[in-house]
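Reading through the structure tokens given below for one structure.
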Amino acid sequence: QVQLVESGGGLVQAGGSLRLSCAASGRIFSINVWGWYRQAPGKQRELVAQIIGGGTTNYVDSVKGRFTVSRDNANNTVYLQMNSLKPEDTAVYYCSLHQLGRLYWGQGTQVTVSS
């Protein structure tokens, strides 16, 4: 059974930085897609960034140039480095892992950016 655990959320002032981590346990394959999503109050969950098996990354337009997704295959951990944070980045951030036709979710970590 795959489990994902996020960490690294918190309260930060606008312009600051945070790094989120997502550690996976269980059997992780190299052919997979990791994703970071976020959900703000009253809004739908949206895909923020993803990193695909070969290393290709994709970002939603609103975070391009500010957020960077990366992974450590040896430790089955994915990171989301968030710089130049804005109040509109405030949300619960979730990591996901899609492999072998199944989608797994972490429990989420709160990110709050004050103005």
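Take the residues of region 103-115 that are assigned to a strand (DSSP E or B) and in contact (Cβ under 8 Å) with a residue 24 or more places away in the chain: which is farthest from I51 (Cα to Cα)? By that ranking, first place goes to S114. Can you say whether N73 is at pLDDT below 95 and open to solvent by less than 20 Å² (accessible area, probe 1.4 Å), as far as the supplied structure shows? The answer is no for N73. State yes or no: is A49 among the small types (G, A, S), closer than 16 Å to Y79 by Cβ, outside any loop (DSSP other than H, G, I, E, B) and open to solvent by 30 Å² or more (accessible area, probe 1.4 Å)? Criteria not met by A49. Each residue in region 1-46 was checked for being part of a strand (DSSP E or B), closer than 19 Å to Q110 by Cβ and touching a residue at least 24 places away in the same chain (Cβ under 8 Å), and 19 of them qualify. The residue list V78, V92 contains one member that is buried (at least 19 other Cβ atoms within 10 Å of the Cβ), among the β-branched types (V, I, T) and assigned to a strand (DSSP E or B), which is V78.
Of the listed requirements (1) within 15 Å of the chain's Cα centre (by Cα); (2) surrounded by 19 or more Cβ atoms within 10 Å (Cβ to Cβ); (3) under 23 Å from K43 (Cα atoms), Y104 misses just one: (2). Only residues that are among the small types (G, A, S) and either open to solvent by 70 Å² or more (accessible area, probe 1.4 Å) or in contact with a strand residue (DSSP E or B) (Cβ under 7 Å, 6 or more places away or on another chain) (or both): list them for region 54-68, please. Those that are among the small types (G, A, S) and either open to solvent by 70 Å² or more (accessible area, probe 1.4 Å) or in contact with a strand residue (DSSP E or B) (Cβ under 7 Å, 6 or more places away or on another chain) (or both): G54, G65. Residue count for region 26-46, restricted to those that are within 16 Å of the chain's Cα centre (by Cα) and open to solvent by 50 Å² or more (accessible area, probe 1.4 Å): 5.
The values are calculated or read from the model by the stated rules, or taken from the named source; none is laboratory data. Every value quoted in this text rests on a predicted model; they were computed, and no experiment measured them. Because the Cβ atoms are built from the backbone with ideal geometry, glycine has one as well, and the counts that use them run over all protein chains shown. Each accessible area value is taken on the protein alone, full model and side chains, heavy atoms only, with ligands, DNA and RNA left out. Shrake-Rupley method; radii C 1.70, N 1.55, O 1.52, S 1.80 Å.
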